[in-house]
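Peer 1: Below: one structure in structure tokens.
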Amino acid sequence: SDHMENIYGYLMKYTNLVTGWQYRFFVLNNDAGLLEYFVNEQSRYLKPRGTLQLAGAVISPSDEDSHTFTVNAASGEQYKLRATDAKERQHWVSRLQICTQHHTEAIGKNNPPLKSRSFSLASQGSANSPGAQRRPSQNAVSFFNVGHHRLPTGKRVPIMQPDHLVDVREMMSQAEGQQRDLIRSIECLPASGHLTSLDQDLLMLKATSMATMNCLNDCFHILQLQHASQQKGSLPAGTTISWLEPKISLANHFKNGAAQNFPAEINKPASVREEQSIAEPCQLTREPEEINPDEELEDICDDKEDDLGAVEEQRSVILHLLSQLKLGMDLTRVVLPTFILEKRSLLEMYADFMSHPDLFIAITNGGTAEERMIRFVEYYLTSFHEGRKGAIAKKPYNPIIGETFHCSWRMPKSEVATDAGTNSSAHSLSEQVTLPKDGEGQAEPDYYTVKFVAEQVSHHPPVSGFYAECVERKMCVNAHVWTKSKFLGMSIGVTMVGEGVLHLLEHGEEYTFSLPCAYARSILTVPWVELGGKVNINCAKTGYSASITFHTKPFYGGKLHRVTGEVKQNMTNTLVCRVQGEWNSVLEFTYSNGETKYVDLTKLSVTRKRVRPLEKQGPFESRRLWQHVTESLRDGDIDKATEHKRALEERQRNEERLRAETETPWSTKYFLKDGDGWVYHKPLWKTVSAAQTQQTDSN
């Protein structure tokens, strides 16, 4: 490739907490597939201080800043590096990735074939251990015969016989069986005593044995590719070669350290059989259901997620999970252990972002376009604190396709801020002002109702749609979010891909907004959540916009959960408001007139949502759907919760398989596809528009 060039230069390398960052001279050797570093440029012709093999490595730009990136070798060694600027980082990352890809592909294509003697192990005796059958001269290198030497030119490469791979497959099957027996033996040990199933050495053995089997399967796949490439064009006509597949799928062999086979039907709890026997969603009514807010009762659930016990007790499971992950891996299809789950669905978490309905309704009461934009920013920044339940980073349930969640809030009209003809800085977020009554609203109740509905509209990719409206104030918000999770080493990053639109129908204004990324940090110790990234809020009609940055904590020093933002009038490029503080603590708003307002999020009153009782909910409403998992988590019975969770996931897989076989498309209930997004089937802007048209016609 034209891009396969040797590059060199100074980069900062992170050594440890004591030494910190140090300048080192790095050389990318494309021919050898090596990244080497030296103390300085003058010593580059001496022995390098360090060397990384790039074949099989993962090059990852860091989320911390625009200068840092990591090189993670297949051996497990890692270099954390920092360039002088974003352009230089991109130059190094792109060249390293090209070199890595080249040498990784070369493993399967350009290395010498295996010699016949390397596959005679299966006939070397009847000992149970494959290691006991190996000849003394057959070390790891001679067994796989993969090295950096090249064959002398002109020599013909012998064709590998098909039965050789069969022998290797048989040995790997033996190893898989022994690894299975090992894990079961460990798990059968008592929970207390001299040697327990929670012994740290045994847990590490359990995790590393699975990682080893995964690695061996990857190596075997490379051998298959190599063998297939050598056979092309060299076989007699009519010869058929069977593609060798592993007898056991390691990906599904063990999840969370336990066998995937379910107990016999007769031994399953009735609730599990019920979860697996619910009719396929598409066979249930998919017609939209009108939820009567009068049937909903104030929510009494208060599941705080501050319990560290389960996380500490199950650290071995986290080690086991990490042994199967690679940096940058998409976690969408990874089954995570049950003990890290929150006691609510992701759809309900989106509803909890609406826990300050007074601030939401107050947006449309702003007297000017400027004030309405500032009020929306105030509401937006106060929504994330209540959306998180506790300080511990736990994961809500992944909604299954067709799952829905309904709720509402009742907000006394006297508690919603209204416009008094002054700048928004004169308003307290908690001030109580009586709204002027409309002529036709005399018979209406003295509270506003905000209704919310969410639906999981897609499984792959996982996309949720949610919609909220306040009919009395003629305002609604529609959003769709695609959650993309990635493994980042000691943290997990979740990107919220999608867009929301707030409609203020009284003013004919639309505010588009996005959501920040979320990170679960320190997943091996005390996991915690932080938000990161830049989001924008725009109103095309008024020309006002807001730019908000959620800052992730720097590697050294700095504050947690910091957020900064600005509200501008784009037509005049005038700054009208500046905000700074912490999104889960205190926010400071500074206005163009010099006034300042502080908002303590920990003291804001939270309005409890109203939810229908379980017995009145449909089978695919979140709380009823996950009720047995939630109950088991509340009781601290992780095994039972895991069993219920697996039953739901298995049912979803079976339904998806059936739809694929019958070519039956999925039909959503409340949301309709609209370009790249999803829109509620009966949004308020259509209802109001239709009512206005009807009124005009009647006049």
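The values are calculated or read from the model by the stated rules, or taken from the named source; none is laboratory data. Note that the coordinates shown come from a computational prediction; the quantities given were computed from them, not determined experimentally. We place every Cβ from the backbone using ideal geometry, glycine too, and count neighbours over all the protein chains shown. Just so you know, the surface numbers come from the protein's heavy atoms only, side chains and all, with ligands and any DNA or RNA stripped out. Shrake-Rupley method; radii C 1.70, N 1.55, O 1.52, S 1.80 Å.
Peer 1: Since Trp666 meets every condition but one in (1) open to solvent by less than 70 Å² (accessible area, probe 1.4 Å); (2) not in a loop (DSSP other than H, G, I, E, B), which condition does it not meet?
Peer 2: The single condition Trp666 does not satisfy is (2).
Peer 1: Here are the criteria: (1) closer than 24 Å to Val450 by Cα; (2) open to solvent by 70 Å² or more (accessible area, probe 1.4 Å); (3) assigned to a strand (DSSP E or B). Tell me which single one Glu615 does not satisfy.
Peer 2: Of (1) closer than 24 Å to Val450 by Cα; (2) open to solvent by 70 Å² or more (accessible area, probe 1.4 Å); (3) assigned to a strand (DSSP E or B), only one is false for Glu615: (3).
Peer 1: Here are the criteria: (1) among the hydroxyl-bearing types (Ser, Thr, Tyr); (2) at pLDDT below 90; (3) open to solvent by less than 10 Å² (accessible area, probe 1.4 Å). Tell me which single one Ser120 does not satisfy.
Peer 2: (3)
Peer 1: Identify the single condition in (1) in a strand (DSSP E or B); (2) more than 16 Å from Val377 (Cα to Cα) that Cys577 does not satisfy, given that it satisfies every other one.
Peer 2: Only one criterion in (1) in a strand (DSSP E or B); (2) more than 16 Å from Val377 (Cα to Cα) is unmet by Cys577, namely (2).
Peer 1: In addition: Scan segment 462-493 residue by residue and report those that are touching a residue at least 40 places away in the same chain (Cβ under 8 Å), outside any strand (DSSP E or B) and under 28 Å from Phe376 (Cβ atoms).
Peer 2: Selection gives Pro462, Val471, Arg473, Lys474.
Peer 1: Here is a list: Ile374, Ile361, Ile400. Which entry is open to solvent by less than 10 Å² (accessible area, probe 1.4 Å), more than 27 Å from Trp583 (Cα to Cα) and at pLDDT 65 or above?
Peer 2: Ile400
Peer 1: Restricting to segment 645-683, name every residue that is aliphatic (A, V, I, L, M), modelled with pLDDT of 85 or more and outside the structural domain of His406 (by the TED database).
Peer 2: In the first step, residues of segment 645-683 are kept if they are aliphatic (A, V, I, L, M); the result is 647-648, 658, 660, 672, 679.
Checking the rest, the ones that are also modelled with pLDDT of 85 or more come to 647-648, 658, 672, 679.
Those that are aliphatic (A, V, I, L, M), modelled with pLDDT of 85 or more and outside the structural domain of His406 (by the TED database): Ala647, Leu648, Leu658.
Peer 1: Does segment 42-55 include one or more residues that are aromatic (Phe, Trp, Tyr) and under 30 Å from Leu531 (Cβ atoms)?
Peer 2: no
Peer 1: A follow-up question, please. Starting from segment 588-603, keep only residues that are open to solvent by 80 Å² or more (accessible area, probe 1.4 Å), then list their pairs with residues that are assigned to a helix (DSSP H, G or I) and hydrophobic (A, V, I, L, M, F, W, C) whose Cβ atoms are within a distance under 9 Å, requiring at least 6 positions of separation or different chains.
Peer 2: Every condition considered, the pairs that remain are Glu595/Ala426.
Peer 1: Out of all the residues in segment 602-616, which are touching a strand residue (DSSP E or B) at 6+ places or on another chain (Cβ under 9 Å) and more than 30 Å from Ile291 (Cβ to Cβ)?
Peer 2: Thr602
Peer 1: Just one of the numbered conditions (1) in a loop (DSSP other than H, G, I, E, B); (2) within 27 Å of Ser62 (Cβ to Cβ) is not true of Val535; which one?
Peer 2: For Val535, the exception is condition (1).
Peer 1: Could you please tell me which pairs satisfy a Cβ distance under 8 Å, a separation of 6+ or placement on different chains, a first residue in segment 29-47 that is under 19 Å from Thr15 (Cα atoms) and open to solvent by less than 40 Å² (accessible area, probe 1.4 Å), and a second residue that is assigned to a loop (DSSP other than H, G, I, E, B) and aliphatic (A, V, I, L, M)?
Peer 2: Once the first residue is under 19 Å from Thr15 (Cα atoms) and open to solvent by less than 40 Å² (accessible area, probe 1.4 Å) and sits in segment 29-47, its partners that are assigned to a loop (DSSP other than H, G, I, E, B) and aliphatic (A, V, I, L, M) give Leu35/Leu54; Phe38/Leu46.
Peer 1: In segment 38-70, what residues are among the hydroxyl-bearing types (Ser, Thr, Tyr) and within 15 Å of Val27 (Cα to Cα)?
Peer 2: If the condition is that a residue be among the hydroxyl-bearing types (Ser, Thr, Tyr) and within 15 Å of Val27 (Cα to Cα), then Ser43, Tyr45, Thr51 are the ones that fit.
Peer 1: Is it true that some residue in segment 410-420 is in contact with a Gly (Cβ under 9 Å, 6 or more places away or on another chain), open to solvent by 50 Å² or more (accessible area, probe 1.4 Å) and modelled with pLDDT of 50 or more?
Peer 2: Yes, because at least one residue in segment 410-420 is in contact with a Gly (Cβ under 9 Å, 6 or more places away or on another chain), open to solvent by 50 Å² or more (accessible area, probe 1.4 Å) and modelled with pLDDT of 50 or more.
Peer 1: Exactly one condition in (1) within 26 Å of Glu530 (Cβ to Cβ); (2) assigned by the TED database to the domain that holds Thr564 is not met by Leu633; state its number.
Peer 2: The number of the failed condition is (2).
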